Amino acid sequence: MKYFDYAATTPLDPEAAEVYLKVATEYFGNASSLHDIGGQSAALLENCREELANLVGVDKTGLFFTSGGSEGNFLAIEALLSSPKKAGNHIIAGMGEHSSIHGTLNRLKEAGYEITLLPLDSNGLINLEQLEKSMKSETILMILQHVNSEIGTIQPIGEIAKICKDHNIHLHSDFVQSFGKIDLKPLASLVSSFSFSGHKIYGPKGIGGVYVNPQINWQPFFPGSSHEKGFRPGTVNVPAIAAMTVAAQKITGRIQTENSKDRLLRNTFIGTLAPIKEKVKIYQGDESSQLASIIGLGISGIEGQWMMLEANRLGFALSTGSACQLGMQAPAKVTQALGLTTEEAKAFIRISFGHSTRMEDVIELGESMVKIVNEFKAVSVI
């Protein structure tokens, strides 16, 4: 099986796995315990915190470990709302945000907050003029992901952060898809908070983190929590944090190389679809606002679910970009944000590359998809 779903999750890096095992067996103490064994674990934890903070250029005192991106998004939003810059109850968010954001927004709407959702333009980007027009004097929080997980477009977080600063609005950004794939040092300190996840960067599942600007006097969502300065309850998973740190060091060190490789793979894959190009719609930004490793596309007349199953039969793992909620297939959030028709949304599929993706596999995938489309057309004619 050739894997093309790295935006969903990645395999655990072998070195990270070795570190996990070593820490779990030799540094097993509770980092909050006062004895020497606990102290060794605590020292390792703080070393990891400092290293990860240095990788993205932020103050380590604002970095907290969570169980992953979804929990991180929730806790970051609650932290910012506990300490707004001004009075108000209005929140602006992207329509194409991760489902963990939408779940939190639904809860906040029931709690009395007013929510405004911003669509994406044809290039998969937030329209900054529309963003500014949607702001009110009561706007206290903006939530916009850095890289869209379904089509890979890169939002201008630097410009958005300046707008938020000028209007005393907190900005939370989901960095899950950009962490380790884009140099975040110019951006990380500009936002009020951001989230990241270990399993997107070849680290373990069930571990991630949140950065909250240390100048924000947030209040704990869970009262009485003693771990991570009260940011979340539960014994800190030091082995997973150490493994994630190793994975982060490795992936951050090869950002430029990987991006160049992914750009070549992307262009090659798109080129292989030339025989059916009149049926293919790729949802993307220009090169400067597009993460090359994620390709969101639709093939007119062919449902993404069917294409995914046919590709799977031929030995390729890719994604439809849809999630199963309460037993029903829901369209990918980005298709709603782009304003696609029901038919276009059903045709959506996502292909994503990773460190082990080979050129020959990309070419084979593209040629196989062309074959699938042609066979489908032949059957349809009959």
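The values are calculated or read from the model by the stated rules, or taken from the named source; none is laboratory data. These numbers were taken from a predicted model, which means no experiment stands behind them. Quick note on the areas: whole protein, heavy atoms, side chains included, nothing else; ligands and nucleic acids left out. Shrake-Rupley method; radii C 1.70, N 1.55, O 1.52, S 1.80 Å.
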Next item on the list: Name the most mobile residue of Ala274, Ala345, Ala188, meaning the one with the largest mean-square fluctuation, in a Gaussian network model of the chain with Cα contacts below 10 Å.
Entry: Ala274
Notebook entry, point to check: Among Ser288, Ser368, Ser137, which one shows the biggest mean-square fluctuation in a GNM of the chain, springs joining Cα atoms closer than 10 Å?
Noted result: Ser288
Check: In deg cm²/dmol, rounded to 500, what helix-only [θ] at 222 nm does the chain give when every DSSP H run of at least 4 residues adds -39500 (n - 2.57) and the total is split over its residues?
Finding: -12500 deg cm²/dmol
Checklist line | Kirkwood-Stokes translational diffusion coefficient of region 197-238, alpha-carbon pairs, 20 °C, 1.002 mPa s, µm²/s | finding: 180
Checklist line | Rg over Rh, two decimals, region 183-281 (C-alpha only, Kirkwood Rh) | finding: 1.15
Next item on the list: Provide Rg over Rh for the chain; use the alpha carbon set for both Rg and the Kirkwood Rh (inverse mean inverse pair distance).
Entry: 0.99
Notebook entry, point to check: Roughly how many Å² is the accessible area per residue of the chain, as a whole number, for a 1.4 Å probe?
Noted result: 44
Next item on the list: Kindly flag which residue pairs out of Lys181/Lys250; Lys281/Lys346; Lys205/Lys333; Lys133/Lys333; Lys165/Lys333 have an alpha-carbon separation exceeding 18 Å in this structure.
Entry: Lys205/Lys333; Lys133/Lys333; Lys165/Lys333
Item checked: Global form of region 241-372, assessed from the alpha-carbon gyration tensor, a/c cut-off 1.5 -> prolate
Notebook entry, point to check: Where is the GNM fluctuation largest for the chain (alpha-carbon springs, 10 angstrom cutoff): Ile201, Ile363, Ile351?
Noted result: Ile363
Notebook entry, point to check: Which percentage, to the nearest 5, of the DSSP beta bridges contained in the chain is antiparallel?
Noted result: 55
